[in-house]
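Here's the structure, in structure tokens; my notes come after.
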Amino acid sequence: MVEKESSLERKIERVMKRSLVSKRSTKEIIDEIYFSRDHSLFFSNLREQSAHKRLFFLHRFDLFGVSSEMQLPYFYLTSIPKRREISESKVLRHVVLRELDVVRDGKDFLFSFLGIPESRTREFEEDFKDLLAYFIILIIRSNENLIRLISAKEFDYKIMKSVLKDYKDTISFDKVDKELSEIFKGEEGTIDPIIKSKIEKIISQVVSSIANNITGLLESSRKMIPNWMLSFHLSSRMWLSTILNKAKLTIKDYVDILDDLYLCNLIENKSTIFWCENCSLESPSYSEHHGRIAPSKITKNRCLNCGRIQSYSSIFSIDDLLRDAIFSKDGFLSVYFGWLLKKEVISFVLGEHSSEYENDFIINDNVLIECKMFRTEKIS
């Protein structure tokens with residue numbers, strides 16, 4: 001029976017999982033960790049702390065997965081209510097959606113950003129469409145290859161590539177370049193006078209609008225590209241609650257682990273936001289922190305208005321070498337065990353083949369050890 005082709009969503013998830021697996025050999029990762037002061041210090045702490053082991057000995061797709069869905073390889077730290085509710089903070093959701101809604105109507109925002117009066121937006125839009133259509137048609141008319149492709153009864157990707165190849169000698173933009181240079185260099189030429197007039201009008205209008213609205217432009221520039229990182233905070237509470245349950249950790253255990261990673265320079269704060277559930281009931285607002293900050297310090301931040309402990313959400317990226325260890329093709333446990341053997345000066349061979357099998361570790365030429373990491377749902 002032929003299996004049905006999976007959905008694009010499942011294909012993307014599989015590609016993401018394959019892409020995250022480190023391309024480096026496990027031996028190479030072990031050696032680099034052994035000779036790195038920061039990484040060896042953290043692995044020494046890992047050796048002594050059972051809480052560290054419960055977190056890092058999770059399968060990589062459990063460590064960075066929620067409800068069987070793979071998440072980006074970040075560590076999250078967020079405030080969780082005492083009742084351990086997993087639901088999102090309504091205030092945080094409102095803040096995030098409001099931030100991302102900035103570009104919901106991009107056309108209207110662009111006109112406002114450029115300072116073009118509402119009475120002239122229709123004229124501006126029509127002129128822009130005219131120019132776009134004119135130059136598209138000009139490119140087609142200047143290239144016989146394109147004309148033949150458009151006129152042909154059949155058309156698909158293979159036909160297009162057979163004609164246009166690598167585009168170097170099959171499409172010419174000389175006609176467009178010539179007409180545009182006539183405008184910007186003030187040369188006399190063959191460009192349509194109406195098109196020339198429209199281009200000059202649009203350029204003049206945009207430059208004038210920006211010059212007259214420079215203050216508004218500077219104040220609004222951040223709205224052109226909203227803070228997309230905020231959207232990742234929405235899933236932080238769910239992720240953290242899931243991880244604490246899987247690894248059987250308290251929030252204090254988890255913060256201690258993140259502090260250890262922080263002190264060893266193995267995590268970096270990518271985005272930390274604070275909001276007051278008390279003060280934000282009527283007018284939701286948040287503050288954002290940039291730069292280094294210890295995870296344990298995040299949990300103690302107070303609201304400047306009411307003095308209460310604020311809610312928070314923080315996202316930490318992981319050091320490249322540590323991420324390679326977690327996403328090693330042999331699993332983090334193999335990396336840790338190899339480092340441990342190297343630390344104790346015990347000779348071993350890694351990944352040696354015997355008949356049709358690959359052996360994980362052969363120690364002192366006569367002891368075989370296999371390291372396997374299973375998903376949590378496979379554990380009875």
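Read-outs: derived from the displayed coordinates by stated rules, not from any lab. All values derive from a computational prediction rather than experimental measurement. Cβ: placed from backbone, ideal geometry, glycine included. Neighbour counts: every protein chain shown.
List of remarks:
- Packing rank of 120-132, 263-275, 35-47, 158-170, where each peptide gets the mean count of other beta carbons within 10 Å, highest leading: 263-275, 35-47, 120-132, 158-170
- Label-point separation, residue 300 to residue 166 (7 Å along Cα→Cβ), nm: 6.2
- Residue 194-residue 139 FRET efficiency (beta carbon distance; Förster radius 22 Å; 0.05 resolution): 0.75
- Sequence-distant residues sharing a close amide H with residue 271 (under 5 Å, placed H): 315
- Partners of residue 270 within straight-line reach, counting lysines whose Cα lies under 18 Å from its Cα and excluding those fewer than 8 residues away in the same chain: 297.
- Efficiency of FRET between residue 35 and residue 72 - r from beta-carbon atoms, R0 30 angstrom, step 0.05: 0.55
- Reachable lysines, given that their alpha-carbon falls under 28 Å from the alpha-carbon of residue 343 and they are not under 8 places away in the same chain: 23, 27, 53, 329, 372
- When the convex hull of its Cα atoms is projected in every direction, mean area for the stretch 116-212 (nm²): 8.6
- Spin-label proximity, residue 21 to the stretch 312-347 - amide N less than 12 Å from point 7 Å beyond Cα toward beta carbon: 327-331
- Computed from the C-beta positions of residue 345 and residue 263, the FRET efficiency with R₀ = 30 Å rounds to 0.65.
- Taking every alpha-carbon pair under 8 Å whose residues sit at least 6 apart, the stretch 116-212 reaches a relative contact order of 34 percent.
- Overall, the stretch 116-212 carries a charge dipole of about 340 debye about its Cα centre when +1 sits on the Cβ of Lys and Arg and -1 on the Cβ of Asp and Glu, all other atoms neutral.
- By the Kirkwood approach, averaging reciprocal distances over each pair of separate Cα atoms, the stretch 240-280 gets a hydrodynamic radius of 12.2 Å.
- Lysine-lysine proximity count for the stretch 116-212, Cα under 19 Å, sequence distance 8 or more or distinct chains: 14
- Which of 136, 183, 150, positive extreme of dipole for the stretch 129-189 (C-beta unit charges): 150
- Counted residue by residue at 0.36 nm each, then reduced by the alpha carbon distance between them, the extension gain from residue 208 to residue 153 reaches 15.0 nm.
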